[in-house]
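J.: Got a structure for you, written out below as structure tokens; questions coming shortly.
The values are calculated or read from the model by the stated rules, or taken from the named source; none is laboratory data. Since we're looking at a predicted model, the values are computed, not measured. Here the Cβ is made from the backbone with ideal geometry for all residues, glycine too, and neighbour counts use every protein chain on show.
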Amino acid sequence: MISHAPGRLAGDTCDRDPIWDRDVETETHDEAFARAAPAWDRQFRHLMDHSPFYARKFRDAGIRDAKVTLTEIAELPFSTKGELKQAIDGAPPFGTNLCVTPEQVKRVYQTSGTTGVPTVIALTHADMDMWTAIGTRTYFATGIHDHSSVLTTFGAGPFVAGHTHFVLSRIGCGSVPVAPGDTDRVIFGLKAGLADTLLGTPSFAQFLANLASTPRELGPSALTHIVTGGEPGGGIPAIRDHIQTALRATVTEVMGIGDIAPSLFGECPEQQGMHFCGGGHVWAELVDPDSREPMTIEAGAVGELVYTHLTREAMPVVRFLSGDIAKIEGFPCDCGRSTWRMRVIGRRDDMFIVRGVNVYPSAILAVVGRFRPRVTGRARVIRKAPDVSVTPPVPVEVEVPDGDHADERLAEEIEAAIHSTLTFRAKVDLIPERAFGESGYKTRLTVKRP
Ligand SMILES: [Zn+2]
């Protein structure tokens, strides 16, 4: 690893405190709880008074007017994405969980609506400030300071990632916005030295890293830092190492959840997992992925992340099941933050079971990545039946560079590596780039196909 001062990117010699919000980001768990508890008490009252959706949900769960404290929060029912969608359908466009008047809604984002129709995410002025506050901690933690110049491919809207522009503005860094998928403008911007930092998906960063192996395509640039987000990958060692080596830049990772906050976790230059940055505004829990019993957030624990808004006004959610399975990396950190760190190991929906063992496609990506440059680094699992149990061999498609003549032994070698690392048999199909599709912006790790 390139040498650097604690919490700072290599080569960053500025004298700014590398921690944006020292009060929140260096507090102990007890202090974080003491900050969150009264905020939750106000939020609980706000929901009972203004959310027909939660007032009814809590009543159905047997909670009358009694106060439920933060210590007792696990007694409240979970909220699912499906329920929130139903709440919207019940009183469109904002739904029965809009806890303010429509006049107080000052910004509306949309979700990508994987099931067809988009849903909306409404924010009051205070909600926007709250998102910016959390996002600023998140991106500042990655090492973006006011002296950075940031090329972002997240777009301005309609999706919540567009909020990142307000965050960059709050940090005070330079900004070079480019629309998602506009590869030509990204390459122009990097070649012209307009930015030292790139925000993008890990798929896109890999795509650039593959280009960089032919120097004529990308050539030297001022790029020193890549922040990946939008999908897992930036934390998978084989993917991260490849991007860092090919582009000679430090890779850090951020993560958010549209229904909660677009940036909620940020990895610092120590590269030991993403710090939780939502202190005071979002309460996070970890639950067992199978039984959904509460788990302690401690090093080594693997569970599903569950979130509760403490301060959101317009569409607060309580105990939202995120579907993200995370491994807690621990705390504190050499950067000085005491907030817990984690890495996402997969989406609950992408998980499948081979002979009783839970498998996430990210584990397969990690194995495939070792075969660069004979592979591009992208791969996906083909699920032929809806059941979560898969009988081996598990079908896996692996992308290989166009023009490379068929590498007869490659598929067998990858199959052997999957077998020795993950202990199940896979059937690997090699797919050339031009046939793999999706132009390298965001990769679906699982594809259902009969
Ligand atoms: Zn750190």
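J.: So residue 97 clears everything in (1) part of a helix (DSSP H, G or I); (2) surrounded by 13 or more Cβ atoms within 10 Å (Cβ to Cβ); (3) not β-branched (Val, Ile, Thr) except one condition, right? Which one?
T.: (1)
J.: Filter the stretch 353-362 for residues that are touching a residue at least 60 places away in the same chain (Cβ under 8 Å) and assigned to a strand (DSSP E or B); which is surrounded by the fewest Cβ atoms within 10 Å (Cβ to Cβ)?
T.: Within the stretch 353-362, the match that is surrounded by the fewest Cβ atoms within 10 Å (Cβ to Cβ) is 357.
J.: Another question, then. Only one of (1) surrounded by fewer than 19 Cβ atoms within 10 Å (Cβ to Cβ); (2) free of Cβ contacts under 8 Å to residues at least 60 places away in the same chain is not met by residue 44, so which one is it?
T.: With (1) surrounded by fewer than 19 Cβ atoms within 10 Å (Cβ to Cβ); (2) free of Cβ contacts under 8 Å to residues at least 60 places away in the same chain applied to residue 44, the lone miss is (1).
J.: If you don't mind, there's one more thing I want to ask. So, in the stretch 380-405, of the ones that are within 25 Å of the chain's Cα centre (by Cα) and modelled with pLDDT under 90, which residue ends up surrounded by the most Cβ atoms within 10 Å (Cβ to Cβ)?
T.: Here is the first cut: in the stretch 380-405, the residues within 25 Å of the chain's Cα centre (by Cα) are 380-383, 388, 396-399.
Of the ones still in play, those that are also modelled with pLDDT under 90 are 383, 388.
Working: 383: 19, 388: 11.
Step by step, filter the stretch 380-405, then rank; the result is 383.
J.: Moving on to the next point. Among the residues of the stretch 406-423, is any outside any helix (DSSP H, G or I) and surrounded by 17 or more Cβ atoms within 10 Å (Cβ to Cβ)?
T.: The initial filter retains those residues of the stretch 406-423 that are outside any helix (DSSP H, G or I), namely 406-409, 423.
If we keep only those that are surrounded by 17 or more Cβ atoms within 10 Å (Cβ to Cβ) too, we end up with none.
No, the conditions are met nowhere in the stretch 406-423.
J.: If you don't mind, another one. Restricting to the stretch 218-245, give me the number of residues that are over 16 Å from the mean Cα position of the chain (by Cα), among the polar types (S, T, N, Q) and not in a loop (DSSP other than H, G, I, E, B).
T.: Matching residues across the stretch 218-245 total 2.
J.: Specify which of the listed residues (124, 183) is surrounded by fewer than 23 Cβ atoms within 10 Å (Cβ to Cβ) and at pLDDT 95 or above. Outline the logic, then answer.
T.: Details: 183 fails: at pLDDT 95 or above.
One residue alone meets the criteria, 124.
Quick grid of which residues meet (1) among the small types (Gly, Ala, Ser); (2) within 15 Å of residue 226 (Cα to Cα):
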site	(1), (2)
141	yes, yes
154	no, yes
172	yes, no
176	no, yes
196	no, yes
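To keep it simple, each residue is scored yes or no on (1) within 16 Å of the ligand (Cβ to nearest atom); (2) in a loop (DSSP other than H, G, I, E, B); (3) among the charged types (D, E, K, R).
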| site | (1), (2), (3) |
| --- | --- |
| 63 | no, yes, no |
| 82 | no, no, no |
| 89 | no, no, yes |
| 117 | no, yes, no |
| 128 | no, no, no |
| 135 | no, no, no |
| 144 | yes, yes, no |
| 155 | no, yes, no |
